[in-house]
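First the structure, in the form of structure tokens, and then the observations on it.
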Amino acid sequence: MEGDDGVKEYVKGKVRRIGKYMENPREVHVVLSSEKFRFIVEGALLGDGVSFNSQGRNSDLYTAIDQMVEKLERQIRERRGRGRRKRPSVSSSKRPFQKEKKSLEEKEEEDKPPIIRRKRILAKPMSVEEAASQFALSKQDFLVFINLDSGQMNALYRHKDGSVEWVEPHSK
């Protein structure tokens, strides 16, 4: 939909507020649309190698614009906060190394192995037979699936000797 001058000025004013959270916004695109009795406002902001997208939906156009801008602001603040947390504090880097007594809990946390890498996979619902046939065709070492019979997460694992193991969780 095409917004009138009042709506355009309102959007420009709201988008200018984002400047206090982001140093160099390069482009801002705002799309206004309506579906039956609801307005949809989509916003895309590009700047400094990052892009942010948000959407506001409401029966009132101005409320939808406010929702879209609030979501953009929240994304930018969270992004800025992540960068700040990663930097070491000045006071800790200037302190000479000191032996500190560690509590039992801290020692236990150190003994836990760190997570090296996270991999997200899609677990499709399928029967064990279907999973076995797909696994035979693949060259992967494991296949994770949702068992149609039990509704639980299962896995097929290929050993180095070529044998296949079916891993199925159960309670005692």
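The values are calculated or read from the model by the stated rules, or taken from the named source; none is laboratory data. Everything numeric here is computed off the predicted structure, so don't read it as measured data. Here the Cβ positions follow ideal geometry from the backbone for every residue, glycine too, while neighbour counts run over all protein chains shown.
For the range 30-38, state whether one or more residues are β-branched (Val, Ile, Thr) and in contact with a helix residue (DSSP H, G or I) (Cβ under 6 Å, 6 or more places away or on another chain). Yes, the range 30-38 contains a residue that is β-branched (Val, Ile, Thr) and in contact with a helix residue (DSSP H, G or I) (Cβ under 6 Å, 6 or more places away or on another chain).
Can we say Ile76 is among the β-branched types (Val, Ile, Thr), under 19 Å from the mean Cα position of the chain (by Cα) and not in a loop (DSSP other than H, G, I, E, B)? It is true that Ile76 is among the β-branched types (Val, Ile, Thr), under 19 Å from the mean Cα position of the chain (by Cα) and not in a loop (DSSP other than H, G, I, E, B). Would you please name the residue that is nearest to Gly81 (Cα to Cα), looking only at residues in the range 7-28 that are without any contact (Cβ under 8 Å) to a residue 24 or more places away in the chain and surrounded by 14 or more Cβ atoms within 10 Å (Cβ to Cβ)? Ranking the qualifying residues of the range 7-28, first place goes to Pro25. Please tell me if Gly162 is modelled with pLDDT of 80 or more and either part of a helix (DSSP H, G or I) or small (Gly, Ala, Ser) (or both). Yes; evaluated as a whole, the condition is true for this residue.
In the range 35-42 there is no residue matching the filter, namely being closer than 14 Å to Leu72 by Cα and without any contact (Cβ under 8 Å) to a residue 24 or more places away in the chain. Give me the residue from the range 29-48 that is within 24 Å of the chain's Cα centre (by Cα) and buried (at least 18 other Cβ atoms within 10 Å of the Cβ) and, out of that set, farthest from Val11 (Cα to Cα). Out of the qualifying residues, it is Leu45.
Only residues that are under 29 Å from the mean Cα position of the chain (by Cα) and either surrounded by 13 or more Cβ atoms within 10 Å (Cβ to Cβ) or at pLDDT 90 or above (or both) were counted across the range 149-159, and they come to 5. Of Ser92, Ser127, Ser103, Ser138, which residue is modelled with pLDDT under 85 and surrounded by 10 or more Cβ atoms within 10 Å (Cβ to Cβ)? Among Ser92, Ser127, Ser103, Ser138, only Ser138 is modelled with pLDDT under 85 and surrounded by 10 or more Cβ atoms within 10 Å (Cβ to Cβ).
Are there any pairs with C-beta distances below 9 angstrom linking a residue in the range 53-76 that is assigned by TED's automatic domain parsing to the domain that holds Val41 to a residue that is of a type in the set (Phe, Trp, Tyr) and surrounded by fewer than 18 Cβ atoms within 10 Å (Cβ to Cβ), with the two at least 6 apart or on different chains, and if so which? Correct list of pairs: Ser59/Phe37; Leu61/Tyr10; Tyr62/Tyr10; Ile65/Tyr10; Leu72/Tyr21; Glu73/Tyr21; Ile76/Tyr21. Consider the range 49-76 and keep the residues that are closer than 13 Å to Val28 by Cβ and either of a type in the set (Lys, Arg) or in contact with a Leu (Cβ under 9 Å, 6 or more places away or on another chain) (or both). The one that is surrounded by the fewest Cβ atoms within 10 Å (Cβ to Cβ) is Ser51.
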